[in-house]
Amino acid sequence: MPCQSPQSMGSHWCLTSMKIKDIKNIKIACELMESGLRLPLVNSLSGIDNKRLLRGLWNEIHGCRPNPGKLPSSVVSYINDYQSAADIAGFIALYRSIYLNTINNSAYAGMALDPSALLETWYEFGKLGRPSLDINAGYYAIRDVIFEIVLYVTCRTCTASFIYDPAKRYTERCPYCKTLHLG
Ligand SMILES: [Zn+2]
């Protein structure tokens, strides 16, 4: 049987057809799964289309099947108090700094969703002495800011940036100084 590309393979790998890029993608997918990122998000971030392979790796890493539950529609689902709002705002600021450092271009103002930068932010955030943020919350925070699914605003009092949603109790004020944001 001829070798297939990793994207089209079933349960067996054909090592002779693998490229370094494929191995790097699998490594990053494993790290994302170890951090607890939900499988459909690992799938989209790593670029690995082989869902059977990903499910097998998930089972091996976690010893159980991946959560089949519905994914949230935005990061706002993870904001349940001012502390979670502040943690998510801090995660976005840290990601931005790590991402800009990664691409080595401080003049570039935008951000993109990068799996390595997401992982590094999650590891670094976990070193700040608080229980680490759910990486899924971190993923949605970065995605939602990049694609403008949520409003990311600056506080007029303390100049911190945070996710603003006037319809929710903990997102209508700056989570740090509690100044009401008037959108
Ligand atoms: Zn503030």
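The values are calculated or read from the model by the stated rules, or taken from the named source; none is laboratory data. Predicted model only: the values in this text are computed from it and were never measured. Don't worry about glycine lacking a Cβ; one is built from the backbone with ideal geometry, like all the others, and counts go over all protein chains shown.
The residues of segment 152-174 that are in contact with a helix residue (DSSP H, G or I) (Cβ under 7 Å, 6 or more places away or on another chain), assigned to a strand (DSSP E or B) and among the hydroxyl-bearing types (Ser, Thr, Tyr), listed by number, are TYR152, SER161, TYR164.
Check segment 131-139 and report whether any residue there is closer than 13 Å to VAL76 by Cβ and within 16 Å of the ligand (Cβ to nearest atom). No, there is no match, as no residue in segment 131-139 is closer than 13 Å to VAL76 by Cβ and within 16 Å of the ligand (Cβ to nearest atom). In summary, CYS174 fulfils each of the numbered conditions (1) more than 16 Å from the ligand (Cβ to nearest atom); (2) surrounded by 14 or more Cβ atoms within 10 Å (Cβ to Cβ); (3) more than 16 Å from the chain's Cα centre (by Cα) with the single exception of condition (1). Helices (runs of 4 or more DSSP H) fully within segment 38-146 that include at least 1 residues being surrounded by 14 or more Cβ atoms within 10 Å (Cβ to Cβ), basic (Lys, Arg) and within 15 Å of the chain's Cα centre (by Cα): 82-103, 135-146.
At pLDDT 95 or above, part of a loop (DSSP other than H, G, I, E, B) and assigned by TED's automatic domain parsing to the domain that holds ALA85, is that true of CYS177? The answer is no for CYS177. Every condition in (1) touching a residue at least 12 places away in the same chain (Cβ under 8 Å); (2) in the same structural domain as ILE163 (by TED's automatic domain parsing) holds for MET18 except the one numbered (2). Among the residues of segment 157-167, those identified as surrounded by fewer than 17 Cβ atoms within 10 Å (Cβ to Cβ) and within 8 Å of the ligand (Cβ to nearest atom) are THR157, CYS158, THR159.
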